[in-house]
Amino acid sequence: MFSKILVANRGEIACRVIRACRELGVTAAAVYSEADRAALHVARADEAYCIGPPPPLESYLNIEKIIETAKAARAEAIHPGYGFLAENAAFADACAAASLAFIGPSGDTLRLSGDKLGARRTVAAAGIPIIPGMSAAAGEIAEVLAEAEKLGYPVIVKAAGGGGGKGMRIVCGEGELAECLEAARREALGAFGDDTVYLEKYLERPRHVEFQILADNHGNVVHLFERECSIQRRHQKIVEESPSPALDAKLRKKMGEAAVAVTRAVGYTNAGTMEFMLDEDKNFYFLEVNARVQVEHPVTEMVTGVDVVKAQLAIAAGEKLPFAQKDVSRRGHALECRIYAEDAAANFLPSAGKILFLRGPRGPGVRLDSGIYGGYDVPVHYDPILAKLVTWGESREEARRRMAEAIREYIIIGIKTTIPFLRDLVEHPAFVAGETNTAFVTDHFDGWREEVPEVFVEKALAAAAAAELAAAPAKFYADGERAAAPTPWRTVGPWEVGRGA
Amino acid sequence: MEYEFQEGEVKHAVTAERRGNGFRVTVDGRAMEVDLVAVEPGCYSLVADGEAADVVVVRDGSRRYVVVGGYSVILDEGGGEGRVGAAALEEVVAGVQTIRAPMPGKVVKIAAAEGDAVDKGRTVVVVEAMKMEHPLSAAGPGVVKRIYCEEGQNVDADQPLAEVEIEANG
């Protein structure tokens, strides 16, 4: 095992990796931008180094600076987290060139998994079903029109160079194709520096089902079962769970084997995710490889008991997987809700700013992976993810009820978060029934607004007024009844922001 | 004591007086027996007419954030501060729409110039925050009167970015 690693990330995932390091007795070195001196991951680490100004390109995406910092700190490895440089082949290569272990797959694997078309060809050649579509870049419009005709509308234009909804267009008829193709190319060029796009058949209400895999450097590959991540908005996941309500033992086994086959076909090592789409007839198709630790990895950890982040470190240190597929078992059901600094009632507008009050939920089967604290000023420069709330139960329903209760206990004041939206989501009858697909949010939550039941508004008003009065000096009553003695517990007023206690 | 709190669009009249160890409160004329005990900074144990709840009250200027039963209620003292909400972003006052930044961020694109005629929904300014772009558009057909920002400029929430004169029958 390493003696020191550098964590090239921020927020909740940096805190998660630092926790794994501390559990393993590995020294964790954090890096931070000038906007992040007060970020939680800095305080949690053993060492911390400022790597530059707030814009990501000048700090968390600055390969040269990060490598230089790791060398100066005498770290032996770099954990990239997710996002930023996690799937950047040039960064993996730069780590190798500097004799630093990159905690993730090799640069070559990252190049292959980052090229969606190349990955499609490789996976199809291994006999795994892929979504019907093109296996080479879209060319002239006449040829693309013919291909779309063959696939049948709707089709989707996708960028070969990346994901996250950028360079993606759904095309419902031939009249829209030329325009969508052009827009997707423009967006892809802007986002990934590559305007290569291709067509796929667009599945209208699929489930998103992915398999967590672990692959060591000695040829051993296991999967840690699936996660269903169908609840999304703008191609971003919001709620994930394991197991998927849609899989039975037979389909789970078949898809698990396909995930392992994909892993071997692309020569993948370390922890990764093989994503599939599952259509309404339960046919599955390979979607893409996510070559990193994923946001939703805790869901897998809760049902399998395997610590995915510690496994990543062990694999990167050259250790063999300590178990085989037959040793991996799962128990119960886990759910994860992503807490974003976003206003769900205003088209998920980001909401940066100061957290005036914070209280996290606790209790049996509740896990909170968080990167924030009360008084923290959420910066505008980075991703709006604040925390991940995970619950476990013996059954899906138990996990769901625990989630509903944990959401109720989770209080963040000062910025808008997705907490109220998630509270309504986990109580929706379709979610309760496990009827989830990628159109869930648009089907059931279009134009969502928070509705506070009248009884709570009334209580809020009563509490606000009483708190105000309680803050005023208590009077002694002359009527001989119990005088309200001014104890500090009764006279302390509403917690006021910006005025020291 | 009498209080006036505004919650969203609704105004509420609240009175409170001490009564024994607790309070007698009326909310819009309805009386309640309220017992409120501070438990830790910002947090209270509330018993109102025998119903118990865990309550958080945080005061920020004339605004109070109150959380009861998992629901968050924002109360502004006596009519509120006139903060710009999401709905107000499209508000047209005297035929003029002031396009404001909905959140702190950076202006990444100015998509129209002063004097340009624009249709309803046409993007005028794009603001980026937290890695996401947010196009801000004209509330109706009209003419861009003023652009107050530059590309690359950092802006605060509610900061005016542009003005669009909306056609009277738009």
Note on residue A:336: of the conditions (1) buried (at least 22 other Cβ atoms within 10 Å of the Cβ); (2) under 20 Å from residue B:157 (Cα atoms), unmet is (2)
Of the listed residues (A:351, A:329), the one being more than 30 Å from residue A:92 (Cα to Cα) and at the interface with another protein chain (Cβ under 10 Å from one of its Cβ atoms) is A:351
All-but-one check, residue A:429 against (1) without any contact (Cβ under 8 Å) to a residue 40 or more places away in the chain; (2) closer than 24 Å to residue B:73 by Cβ; (3) more than 14 Å from chain B (Cβ to nearest Cβ), failing number (2)
Considering region A:445-470, residues that are outside any loop (DSSP other than H, G, I, E, B) and surrounded by fewer than 16 Cβ atoms within 10 Å (Cβ to Cβ), and then whichever is nearest to the other protein chains (Cβ to nearest Cβ), we arrive at A:455
Residue check for residue A:68: of a type in the set (Asp, Glu) and either at pLDDT below 95 or touching a strand residue (DSSP E or B) at 6+ places or on another chain (Cβ under 6 Å) (or both):
no
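I'd like to verify a number: residues in region A:320-346 that are part of a loop (DSSP other than H, G, I, E, B) and either in contact with a Lys or Arg (Cβ under 6 Å, 6 or more places away or on another chain) or closer than 21 Å to residue A:431 by Cβ (or both), how many? Explain how you work it out, then say what you get.
Initially, region A:320-346 is screened for residues part of a loop (DSSP other than H, G, I, E, B), giving A:320-324, A:328-332, A:341.
Within this subset, residues satisfying the condition of being either in contact with a Lys or Arg (Cβ under 6 Å, 6 or more places away or on another chain) or closer than 21 Å to residue A:431 by Cβ (or both) are A:332.
Total meeting the criteria: 1.
Can you go through B:155, B:118, B:144 and tell me which one is modelled with pLDDT of 90 or more, surrounded by 19 or more Cβ atoms within 10 Å (Cβ to Cβ) and under 23 Å from the mean Cα position of the chain (by Cα)?
On the way: B:118 fails: under 23 Å from the mean Cα position of the chain (by Cα); B:144 fails: under 23 Å from the mean Cα position of the chain (by Cα).
Only one candidate passes the filter, namely B:155.
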Quick check, is residue A:302 crowded, with 20+ Cβ neighbours inside 10 Å, in contact (Cβ under 8 Å) with a residue 40 or more places away in the chain and out of contact with any Pro (no Cβ under 6 Å at 6 or more places or on another chain)?
-> yes
Worksheet item: So is residue B:83 within 22 Å of the chain's Cα centre (by Cα) and modelled with pLDDT under 90 or not?
Response: yes
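Whether any residue in region A:119-135 is out of contact with any Leu (no Cβ under 9 Å at 6 or more places or on another chain), crowded, with 22+ Cβ neighbours inside 10 Å and not assigned by TED's automatic domain parsing to the domain that holds residue A:181 is what I want to check.
First, the residues of region A:119-135 that are out of contact with any Leu (no Cβ under 9 Å at 6 or more places or on another chain): A:120-121, A:123-129.
Pick out the ones that are also crowded, with 22+ Cβ neighbours inside 10 Å and you get A:120, A:123.
Within this subset, residues satisfying the condition of being not assigned by TED's automatic domain parsing to the domain that holds residue A:181 are A:120, A:123.
Yes, region A:119-135 contains at least one residue that is out of contact with any Leu (no Cβ under 9 Å at 6 or more places or on another chain), crowded, with 22+ Cβ neighbours inside 10 Å and not assigned by TED's automatic domain parsing to the domain that holds residue A:181.
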* within 14 Å of another protein chain (Cβ to nearest Cβ), more than 20 Å from residue A:208 (Cα to Cα), outside any loop (DSSP other than H, G, I, E, B) and among the acidic types (Asp, Glu): does that describe residue A:383? -> no
Those residues of region A:205-230 that are under 23 Å from the mean Cα position of the chain (by Cα) and surrounded by fewer than 21 Cβ atoms within 10 Å (Cβ to Cβ) come to a total of 1
So, first residue at the interface with chain A (Cβ under 9 Å from one of its Cβ atoms) and within 17 Å of residue A:456 (Cβ to Cβ) in region B:6-27, second residue buried (at least 17 other Cβ atoms within 10 Å of the Cβ) and among the charged types (D, E, K, R), Cβ within less than 9 Å, six or more apart or across chains; the pairs are B:7/B:76; B:12/A:458; B:27/A:458; B:27/A:459
Check on residue B:42, more than 7 Å from chain A (Cβ to nearest Cβ) and at pLDDT below 95
no
For region A:257-276 the number of residues that are closer than 13 Å to residue A:229 by Cβ and either at pLDDT below 95 or out of contact with any Ser or Thr (no Cβ under 8 Å at 6 or more places or on another chain) (or both) is 3
**OP:** Answer yes if at least one residue in region A:126-140 is hydrophobic (A, V, I, L, M, F, W, C) and part of a helix (DSSP H, G or I), and no otherwise.
**Re:** no
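Hey, among the residues in region A:68-85 that are of a type outside the set (Gly, Ala, Ser) and more than 25 Å from the chain's Cα centre (by Cα), which one's surrounded by the most Cβ atoms within 10 Å (Cβ to Cβ)? I'd like the intermediate steps shown before the answer.
First, pick out the residues of region A:68-85 that are of a type outside the set (Gly, Ala, Ser): A:68-69, A:71, A:74, A:76, A:78-80, A:82, A:84-85.
From what's left, more than 25 Å from the chain's Cα centre (by Cα): A:68-69, A:71, A:74, A:76.
Values: A:68: 14, A:69: 20, A:71: 13, A:74: 12, A:76: 18.
The selected residue is A:69.
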Here, strands (runs of 3 or more DSSP E) confined to region B:95-170 with at least 1 residues that are under 17 Å from residue A:352 (Cβ atoms) and among the charged types (D, E, K, R) are B:96-100, B:105-110, B:123-129, B:132-137
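The values are calculated or read from the model by the stated rules, or taken from the named source; none is laboratory data. The structure presented is a predicted model; accordingly, all values stated were derived computationally and were not measured. Cβ atoms come from the backbone with ideal geometry, glycine included; neighbour counts cover every protein chain shown.
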